[in-house]
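Have a look at the structure below, then the notes.
The values are calculated or read from the model by the stated rules, or taken from the named source; none is laboratory data. Keep in mind that this is a model prediction, so the values were computed, not measured. In this analysis, Cβ positions are derived from the backbone assuming ideal geometry, glycine residues included, and neighbour counts consider all displayed protein chains.
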Amino acid sequence: MGVYLNPGCYSFEEALNSDIYVDKTEMLLYLNSVIKTNQKYLSVSRPRRFGKSMAANMICAYYGKADNNYDLFKDRKLAKHEKWDFNLGKYNVIHIVMTNFFKKDMNVCESLNKMQTMVIRDICKEFPSFDVYDKSDLVQTMDDFFAEFKQQFVIVIDEWDAVFRVRKDDKEGQTKYLDFLRDWLKDKNYIALAYMTGILPIKKYGEHSALNMFDEYSMIQPMQLASYSGFTEDEVSELCNAYGRNFDDIKEWYDGYDVCDVIPPDPNREILKSKHHALYSPLSVVKALRSGIIDNYWNKTETYEALAEYIRRDYDGLKETVALLMDGGRVKIDISKYQNDMTTFAGKDDILTLLIHLGYLGYDNETGEVFIPNKEILDVFKTSTDDKDWVDTFEEFKISQELLDATWAMDEQKVAKLVEAAHDKADNKTYNDEAALSYAIKYAYYAAQKYYTTIQELDSGKGYADIVFIPSPRYSDKPAIVIELKYDKNAETAINQIKYRNYPDVLSHYKDNILLVGINYNKDASNTSAEFKHHECKIERG
């Protein structure tokens, strides 16, 4: 038994001996189904506190050569299944925690050299008759080992993404690291199973990945490992009963990570339907159950600055989006362009995608929307935005919400006043013509994203409605809203155009629950009157 080669069962045994242990051993059934297949490469990314290391230790305890692993698993959920012990203790396991090697004061080459030397040292101790050609070349050593002994390895890499977190700006070093992993793991006969876990998905080279042999199981798409990505609702409910805790309180504070076990298609079986799982943060649940105190345990294990660092970057309306999310809204994002690191961001969607992987946002795989999952994380957002840099953002959001409320109430004067207030905070260049006015009004209504899908230039057959708000399924009681804008004309003209061109007809599904809103901007309005304003509004029911 070594430090890195066949490290034994001690870490997993420690988890079993803890006050609260949730049995996730059935996860090994899936790993057994992919071991020694083309799907033997798994990259599992989860936020901190979601049991990554416990799962890695469990895998080592099951597959590794140890004296007591049968006794550790014989009474677990795994043992209820046929041939559960087929792979038990069958492999040499190499377990590496990359944070032990990647340090700020060491370059990537030094870290990799040290890691290879330490693993090879363990191999030499375990197999003293094995003649190692180069004690610093792990790839060659394992190739030679397999050729001589015909024994395969299970590779378990914990904190695989440490280099992207510790050495965020070392692009050259990151590339060398990815190239090393590819050379070490890809298409090697000595690999029976390669399991990597970390916070981030695999880093892309532009649109590509150096480790494209891996299947990725993330908080965005955990697939077959969905129910093992955190505590499930049933598991938490059982724990609350056992500890005499209020389940509703635990749910409000720590639930909210809605994940979907999207199953790849199988032509030999009936169509498989995905199942949603409500996941809870394991560390927070355990602390709350053991102490009996509902609290924000997230901030006790990670400074709020980890979140504040990203959301203060005001990429194309990121702050406004954060305000909307904190108000309970959901926002559709594009996750496809995120480069899976901590520094490469092309816009707010990349920031929001990173926050999913860090656990600060939940993600609905079916709608493509992000949201703040629970009260604990909302508390972290509140702490992260409690400074003067956010005062204007929240004030503007408040005005936007009041504007929406006034629209629902058909309060024409207040709508005109609040649009005027939004205008006062905007660059006057956004009001040079009707197209620019459309952009500015849409921005003023950004709080509507919580309740609506926004469509610009909706085709009615006789023309295009400027802005249309379609109620989301969660707020089907809200009225559909058709907004027509005029520049230097009048609001009555805008309303007449809505009617003449039959804009409401394309919203027949919302018949009897449609608001028609005409807004005009008068560029030459006199400022001599106390009632001076550039905007006027008219609202009617459709």
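Scanning the stretch 128-165 for residues that are within 30 Å of Pro47 (Cβ to Cβ) and either among the aliphatic types (A, V, I, L, M) or in contact with a Pro (Cβ under 6 Å, 6 or more places away or on another chain) (or both) yields Leu138, Val154, Ile155, Val156, Ile157, Ala162, Val163. Of the residues in the stretch 207-261, how many are in contact with a Lys or Arg (Cβ under 9 Å, 6 or more places away or on another chain), within 17 Å of Thr197 (Cα to Cα) and aliphatic (A, V, I, L, M)? Within the stretch 207-261, residues that are in contact with a Lys or Arg (Cβ under 9 Å, 6 or more places away or on another chain), within 17 Å of Thr197 (Cα to Cα) and aliphatic (A, V, I, L, M) number 5.
One residue stands out among those in the stretch 391-421 that are touching a strand residue (DSSP E or B) at 6+ places or on another chain (Cβ under 7 Å) and surrounded by fewer than 19 Cβ atoms within 10 Å (Cβ to Cβ): the one that is farthest from Arg312 (Cα to Cα), which is Met410. Buried (at least 17 other Cβ atoms within 10 Å of the Cβ) and at pLDDT 90 or above, is that true of Val370? Yes: the conditions hold for Val370.
Only one of these is modelled with pLDDT of 95 or more and out of contact with any strand residue (DSSP E or B) (no Cβ under 8 Å at 6 or more places or on another chain): Phe145, Phe164. Name it.
After applying the criteria, what remains is Phe145.
Of everything listed in (1) in a helix (DSSP H, G or I); (2) aromatic (Phe, Trp, Tyr); (3) loosely packed, with under 15 Cβ neighbours inside 10 Å, the single unmet condition for Phe145 is (3).
Considering the stretch 437-504, the qualifying strands (runs of 3 or more DSSP E), each wholly inside and each with 3 or more residues that are of a type outside the set (Ser, Thr, Tyr) and over 15 Å from Leu516 (Cβ atoms), run over 452-459. Applying a threshold of 8 Å to beta carbon distances and a minimum spacing of six or more residues, or different chains, the list of pairs starting in the stretch 137-153 at a residue that is touching a residue at least 60 places away in the same chain (Cβ under 8 Å) and ending at one that is surrounded by 16 or more Cβ atoms within 10 Å (Cβ to Cβ) and of a type in the set (Gly, Ala, Ser) reads Gln152/Ala192; Phe153/Ala192. A count restricted to the stretch 1-12 and to residues that are closer than 22 Å to Lys287 by Cβ and surrounded by fewer than 21 Cβ atoms within 10 Å (Cβ to Cβ) stands at 1.
Being within 28 Å of Pro201 (Cα to Cα) and either among the charged types (D, E, K, R) or at pLDDT below 95 (or both) is a description that applies to Asp158. Of all residues in the stretch 16-34, those satisfying the criterion of being among the hydroxyl-bearing types (Ser, Thr, Tyr) and free of Cβ contacts under 8 Å to residues at least 24 places away in the same chain are Ser18, Tyr21, Ser33. Residue count for the stretch 210-263 under the criterion of being modelled with pLDDT of 90 or more and in a strand (DSSP E or B): the result is 6.
Conditions (1) in the same structural domain as Ser43 (by TED's automatic domain parsing); (2) buried (at least 16 other Cβ atoms within 10 Å of the Cβ); (3) on the phi < 0 side of the Ramachandran plot, marked per residue:
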site	(1), (2), (3)
Lys80	yes, no, yes
Leu88	yes, yes, yes
Asn92	yes, yes, yes
Asn100	yes, yes, yes
Lys150	yes, no, no
Asp169	yes, no, yes
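Among the helices (runs of 4 or more DSSP H) confined to the stretch 296-372, the ones with at least 2 residues that are more than 16 Å from the chain's Cα centre (by Cα) and of a type in the set (S, T, N, Q) are located at 298-301.
Scanning the stretch 58-73 for residues that are surrounded by 21 or more Cβ atoms within 10 Å (Cβ to Cβ) and more than 17 Å from Phe153 (Cβ to Cβ) yields a total of 2.
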